[in-house]
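Peer 1: Quick one: structure below, then a few questions.
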Amino acid sequence: MGISLLIFFAAFFISLLVFTIKSRWDYGIRESETVLNAMSESIQGSIQSYKDISRLIMLNDSVRNYLRMEEVDDGIKYDARIGVQNVLIASDNLDSVFIFRDDYQYITTGRGDYNVNIDKLRSYEWQHKIADERGGAVVFNNGDGAVSRQNGENIISIERVINDLESQKRVGFLLVNV
């Protein structure tokens, strides 16, 4: 009788131990899912905020003037940069903004040195990915090969076509880098 009681208590404690370990494991998984969901929602909210900022930049009169002008001088470029910076005053974590005209001249508000791959920008593949969104934004890493930091740090690029408000024809591209 003593051995069967000992076996009963050993089985009980082993079962209790297994149940406790499984409960802790399940709790850890649920906690991890909660944290990941919260992080995902935060990232999605930030990206939506940056998309909204990109819309405001496209509507800025100085930027629109820069994109429409046949001949671009330093004064027009300066005004466009100031227009972009006025939109960006209240935003955090933005690395840079690139505005490319259809002739591939561009302005940037970025801090630091960047590699700009004009051949990639001109490629049908790159332009097609953005044009398919019909004015909507696309999110890529390092501008999908079009823009990257020279120091090798990765940036998240929110890219979109800029259309003229009156004609609705493309006048350039916008890259907001985070």
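Peer 1: Loop only per DSSP, at most 14 neighbouring Cβ atoms within 10 Å: give me the GluC sites (Glu not before Pro) in segment 27-102, ordered by residue number.
Peer 2: Glu70, Glu71
Peer 1: Follow-up question, since we're still on this one. Once every DSSP H run of n ≥ 4 in the chain is given -39500 (n - 2.57) and the sum is divided by its residues, what mean residue ellipticity at 222 nm do you get, rounded to the nearest 500 deg cm²/dmol?
Peer 2: Helix contribution divided over all residues of the chain: -18000 deg cm²/dmol.
Peer 1: What is the magnitude of the charge dipole of the chain about its Cα centre, with +1 placed on the Cβ of each Lys and Arg, -1 on the Cβ of each Asp and Glu, and no other charges, expressed in debye to the nearest 20?
Peer 2: 540 debye
Peer 1: A follow-up question, please. Tell me, what is the FRET efficiency for Arg111 and Glu133 to the nearest 0.05, using R0 = 35 angstrom and their Cβ-Cβ distance as r?
Peer 2: Working from the Cβ atoms, E equals 0.80.
Peer 1: Further, regarding this structure: Helix 74-88 sits at what angle to the longest principal axis of the chain, using alpha carbons and giving 0 to 90 degrees rounded to 10?
Peer 2: 30 degrees
Peer 1: To the nearest 10 degrees, how steeply does helix 2-59 sit against the main Cα axis of the chain, on a 0 to 90 scale?
Peer 2: 10 degrees
Peer 1: For Asn163, which sequence-distant residues (separation of 5 or more, or a different chain) have an amide H within less than 5 Å of its own amide H, given hydrogens modelled in the peptide plane?
Peer 2: Val171
Peer 1: Taking +1 at the Cβ of each Lys and Arg and -1 at the Cβ of each Asp and Glu, which of Tyr106, Ser42, Ile14 sits farthest along the dipole of segment 1-133 towards its positive end, judged by Cα position relative to the Cα centre?
Peer 2: Ile14
Peer 1: In a shell of Cβ-Cβ distance under 14 Å around Leu16, excluding Leu16 itself, what net charge do Lys and Arg (+1) and Asp and Glu (-1) give?
Peer 2: +2
A short reminder: the numbers here are calculations on the coordinates, not readings from a lab. Since the model is a prediction, treat every value here as computed from it, not as a measurement. Cβ sites come from the backbone with ideal geometry, for glycine too, and all protein chains shown count toward neighbours.
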